[in-house]
1. Restrict the check to the range 148-162 and report whether at least one residue is within 21 Å of residue 113 (Cα to Cα) and assigned to a loop (DSSP other than H, G, I, E, B).
2. So which residues in the range 187-202 are closer than 20 Å to residue 110 by Cβ and assigned to a helix (DSSP H, G or I)?
3. If I filter the range 229-237 for residues that are assigned to a helix (DSSP H, G or I) and touching a residue at least 60 places away in the same chain (Cβ under 8 Å), do I get at least one hit?
4. Within the range 238-253, how many residues are in a loop (DSSP other than H, G, I, E, B) and in contact (Cβ under 8 Å) with a residue 12 or more places away in the chain?
5. So which residues in the range 259-274 are at pLDDT 50 or above and surrounded by 10 or more Cβ atoms within 10 Å (Cβ to Cβ), if there are any at all?
6. Looking at the range 57-72 only, could you name the residues that are touching a helix residue (DSSP H, G or I) at 6+ places or on another chain (Cβ under 8 Å) and free of Cβ contacts under 8 Å to residues at least 40 places away in the same chain?
7. Considering only the range 141-158, how many residues are surrounded by fewer than 21 Cβ atoms within 10 Å (Cβ to Cβ) and either over 22 Å from residue 41 (Cα atoms) or in contact (Cβ under 8 Å) with a residue 60 or more places away in the chain (or both)?
8. Restricting to the range 47-61, give me the number of residues that are surrounded by fewer than 21 Cβ atoms within 10 Å (Cβ to Cβ) and under 24 Å from residue 161 (Cβ atoms).
């Protein structure tokens, strides 16, 4: 009898230990997925204003696919299918890395060209702030180039480290856009601008008042530099309102292979997460 009781006690203890280990593993996995989804949302948010204001059609297509995979990983997270949710968020990160590299290269070339044009317009007509804005603009582009190079040379599987460098690079380019707008107000305008205007609203008012040629270009740069959208609705919010997740089943050549969705998916959230 004593032997039977001992065996039952040992079995019970083994079962409780196993259950405890499973619960601990599940909790760890849940935390890892939750933090991963938060990181992905942040890197999508950094890209949002650039895509909304200045994105090409191919960049918008790639960005939409990244957001769609992010929404899919959110759905799997709601279903507590943590393994597949984690696989999806890693897939999203891999696609984001490729998209960031593409956008950074395009933006660096474009903003350098804009600074060069404004430098020529300012030649012989320099004002007090001209050289300062040119120097600061080129400095931010140089930082972006450095961060892009660092990100590319980080080991391929360290996704978040790569995205950290790329995100920093894009933020630097947004600062460069601000200096380009200020140079435009100095040298691509029909009147002196109010230097007391430093807020987004104030600068928008000045662009509308004294810039006639390429006004929309400057406004889009300005809104992008403030992480805002020139249009009433940002591209990211538009995707959340109409995610078209069935498109995941169709691959995008040279970017994302087809993805087979689960038939028992959870109900979609009705709106995008609130901005922090």
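The values are calculated or read from the model by the stated rules, or taken from the named source; none is laboratory data. These numbers come from a predicted model, not from an experiment. Counting neighbours? That spans all protein chains shown, and the Cβs are built from the backbone with ideal geometry, glycine included.
1. Taking the range 148-162 first, the residues within 21 Å of residue 113 (Cα to Cα) are 148-149.
Next cut, assigned to a loop (DSSP other than H, G, I, E, B) only: none.
Among the residues of the range 148-162, not one is within 21 Å of residue 113 (Cα to Cα) and assigned to a loop (DSSP other than H, G, I, E, B), which makes the answer no.
2. Narrowing the range 187-202 to residues closer than 20 Å to residue 110 by Cβ: 187-188.
Correct list: 187 only.
3. Step one: of the range 229-237, the residues assigned to a helix (DSSP H, G or I) are 235-237.
Retained after the next criterion (residues that are touching a residue at least 60 places away in the same chain (Cβ under 8 Å)): 235-236.
Yes; the residues of the range 229-237 include at least one that is assigned to a helix (DSSP H, G or I) and touching a residue at least 60 places away in the same chain (Cβ under 8 Å).
4. Pass one, the range 238-253, residues in a loop (DSSP other than H, G, I, E, B): 242-244, 250-251, 253.
Filter once more, so that each one left must be in contact (Cβ under 8 Å) with a residue 12 or more places away in the chain: 243-244.
Of the residues in the range 238-253, 2 are in a loop (DSSP other than H, G, I, E, B) and in contact (Cβ under 8 Å) with a residue 12 or more places away in the chain.
5. 259, 261, 262, 272, 273 - these are the residues of the range 259-274 that are at pLDDT 50 or above and surrounded by 10 or more Cβ atoms within 10 Å (Cβ to Cβ).
6. Of the range 57-72, the ones touching a helix residue (DSSP H, G or I) at 6+ places or on another chain (Cβ under 8 Å) are 59-60, 62-72.
66, 70 - these are the residues of the range 57-72 that are touching a helix residue (DSSP H, G or I) at 6+ places or on another chain (Cβ under 8 Å) and free of Cβ contacts under 8 Å to residues at least 40 places away in the same chain.
7. Result for the range 141-158: 8.
8. 1
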